[in-house]
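Data block below; observations after.
Just so it is clear, none of the values below were taken in a lab; they were calculated from the coordinates. Note that the structure is predicted; figures quoted are calculated from it, not measured. Because the Cβ atoms are built from the backbone with ideal geometry, glycine has one as well, and the counts that use them run over all protein chains shown.
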Amino acid sequence: MIDVLRASWALLLGMLLLMVGNGLQGTLIGVRGDIEGFSTLEISIVMSAYFAGFLGGSRMAPVLIRRVGHIRVFAALGSMVSAALILFPVLTDPISWTVLRVLIGFCFSAVYVTAESWLNNSTTNENRGKTLSVYMVVQLAGIVSAQGLLVVGDPGGYTLFIILSVFVSISFAPILLSVTPTPAFETTRRMGLREILNVSPLGCVGVFVLGGIYSAMFGMSAVYATEVGFSLGQISIFVASFYVGGLLFQYPIGWISDRMDRRRLILITSALGAVASILAVFSGELFVPVIIAAFIVGGMANPLYALLIAYTNDFLEHDQMAAAGGGLLFINGVGAIFGPLIVGALMGAAGPSGYFLYLVALLAGLAAYAAYRMTVRPAPSSDDTVSYAPVLPSASPVAVEIAQEAFIEAAMEDEADKQDSAS
């Protein structure tokens, strides 16, 4: 772990600051939208726009990097993020905000791809898994700490948007001043979506559903908390609870997943998340039960992405894993676009409780589908399963490929150990 920090501390510090900026902007925009009098549907469209831009950015970033290089892409798009954040309190109408959110999602996606390419270039076969783990902790720590900034200024003014822009701007300094020579950029050929679906229907359906769950947590949690009537401090705690739960449960769930039928674990975690969401529905405006529910939902949902990738990898050859990761990322991104839109419609029809009713439906549906798939084919042999590697639903294609490389290396080490034992 010390070696990872020594080799990549500047990149990790820059990403921590970047995640503070990105982690707060979704919460702040949800609160500010209510202040500006946006309807729930209008806010949901604004929130969905980020994920549309993010998906587009993940597809276009490789093209941009090949044309002008990592450094120019990173600096140019990072500057656009800083500028866009300052424009939110100036252009206070839903159409302008939707355009700005598409732009921010696109830019953040490309910035992640660029930074993670440098991170991947600094890793070795021996420390790739540890690097990925530290990177995931840094991401979640940035999002969680960002929520505390919500109470340092008036969401109806300019100050918080300026703070966001400053955090994003200064995040580039440690990265650009410390990177080693620009790495060669290559992306793995993607598997066809139909091919991945044939290999693992549960993996494909699961990451699509999880995209909708994650975008609701990241994009609409502040909207729900505002409509319920929580104070700014309570809103920041509520949003942070999703990610604190994800951070604390990521490794225990990963450890368990290497020791049991992953479909059963997918069923259990999804069902627990659904039960927690039902608790929140019946808790109404009671703060403590809702916080507990958010903690459990986040703790169950965040690790599901890596769990579903690991389950899909159980049915793939080593040379297929990286290609499948790109396809699963795309499916997840499509699901994320629709999440806020559906949540917004439900909240418009049923009130704030529509937020957790949405999570109940998706988590319970995923649990039911996992149970069904257990009746269709047997679990893979424990000898054929791969080790779990942590990766978040917000990952860029590069982070997913790093995770897949960690999967492959762990699988190859297991095979070598088995051969040595047999001989």
query: What residue among PHE172, SER96, PRO155 has its Cα farthest toward the positive end of the dipole of segment 35-177, where the charges are +1 on Lys, Arg and -1 on Asp, Glu, each on the Cβ?
result: PHE172
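Could you put GLU195, GLU36 in order, starting from the residue whose Cβ has the fewest other Cβ atoms within 10 Å?
Lowest to highest Cβ neighbour count: GLU195, GLU36.
Test of understanding: ordering SER79, SER44 by Cβ neighbours within 10 Å, fewest first, what list do you get?
On the way: SER79 14, SER44 27.
Final ranking by Cβ density, sparse to dense: SER79, SER44.
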